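Below is one structure; the comments refer to it alone.
The values are calculated or read from the model by the stated rules, or taken from the named source; none is laboratory data. The shown structure was predicted, so the numbers you read here are calculated from the model rather than taken from an experiment. Note that we place each Cβ from the backbone using ideal geometry, even for glycine, and neighbour counts take in every protein chain shown. Quick note on the areas: whole protein, heavy atoms, side chains included, nothing else; ligands and nucleic acids left out. Shrake-Rupley method; radii C 1.70, N 1.55, O 1.52, S 1.80 Å.
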Amino acid sequence: KLVNQPPFNTDSANLLTDGTVLVHQYNSPAWWRLTPDISGSYLNGTWTQVASMAADYAPLYFANAVLPDGRLLIEGGEYNFLSAVWTNKGAIYDPVANTWTTVLPPTGWANIGDSPAIVQPDGVFMMGQGGIATKKQALFNASTLTWTNLPGTGKSDTFSEEGFGLLPDGRIMVVDTQTLPNSELYNPATQIWSSAGSTGVVLADAGSLEIGPQIQLTNGNLLAIGGTPHNAIFNPTTNTWAATADSPGGNDLADGPCSVLPDGNVIIYASP
């Protein structure tokens, strides 16, 4: 446990480029920064509240990523103040100025919700429209805070409840939540999706469509963790999937997080 426990209910966390961690306060517009001590210890780190987002924006289950310039982009939310509205609100945080700036949604997007998103190898934030029956994508221009819409060419199913995983060669993996047990690869250069074949085991819950996270391992393979107890690994060299060990105790990672640790192992947070 941290020596200094957070004085708030924690939500999504992001590691900033200066080594501090920015953590969202659950069901609020508030954010807090965890700063490690002079020796780099997070266990002995301290908490400081930073600037809050707009008073009408308190998202839960939203897209977020740190951009190459160090700013943090927040998009959508399945809930806003715990109301299931699939909000299209967004904001970007400047950690140097300690300010939030409102970001308007992509043109025609009345909803963003819990959309999947990722920073591409070229540094551009790409988002798929989740929560509703659509295959729309959008690219974010960090200089102008505007979007370019993409049609989702070749996408098999919608982006509902899906997540993105980055491969070493720049391709982006998604495990389908509706076309089971299919997976798909996106090429940022051509902006086209193609099939990556069966994952071998069913990773998405057939009822709720919930699935777990995807993360690149230190050897370049991609670990996809299930919203079922099952998990699989994709080898980008051979373009093949192989089942790996189930999550312990029959638990699953539906909508859950994971992280690669410094020793290369992956820590997961499972539940019944």
Under 16 Å from residue 135, Cα to Cα: lysines that are on another chain or at least 8 residues apart: 155
If I compute solvent accessible area with a 1.4 Å probe over the protein chains, what percent of it on the chain is carbon and sulfur? 54 percent
Probe 1.4 Å, protein heavy atoms only - accessible area per residue of the chain in square angstrom: 44 Å²
What do you get for Rg/Rh of the stretch 1-121 when both radii come from the Cα atoms and Rh is the Kirkwood radius? 0.98
Let me have the relative contact order for the stretch 64-188, percent, based on Cα pairs under 8 Å that are six or more residues apart. 17 percent
Report the dimensions of the chain along its three principal axes from the alpha-carbon atoms, largest first, rounded to Å. 46, 42, 34
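Evaluate the relative contact order of the chain (contact order divided by residue number), counting alpha-carbon pairs under 8 angstrom at least 6 apart; express in whole percent.
Here the relative contact order equals 8 percent.
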Under a cut-off of 19 Å between alpha-carbon atoms, report the aspartates and glutamates in cross-link reach of residue 89, not counting same-chain residues fewer than 8 places apart. 11, 56, 75, 78, 114, 161
Based on the Cβ-Cβ distance of residue 69 and residue 3, what FRET efficiency does E = 1/(1 + (r/R0)^6) give at R0 = 22 Å, to the nearest 0.05? 0.10
Based only on Cα atoms, what Rg/Rh ratio does the stretch 196-272 have, Rh being taken as Kirkwood's radius? 0.95
Given a 1.4 Å probe and heavy atoms of the protein chains only, how would you sort 215, 38, 132, largest accessible area at the top? 38, 132, 215
Direction-averaged shadow area of the convex hull around the Cα atoms of the stretch 127-172, nm²? 4.0 nm²
The stretch 190-232 -> Rg/Rh from Cα coords, Kirkwood Rh, value 1.03
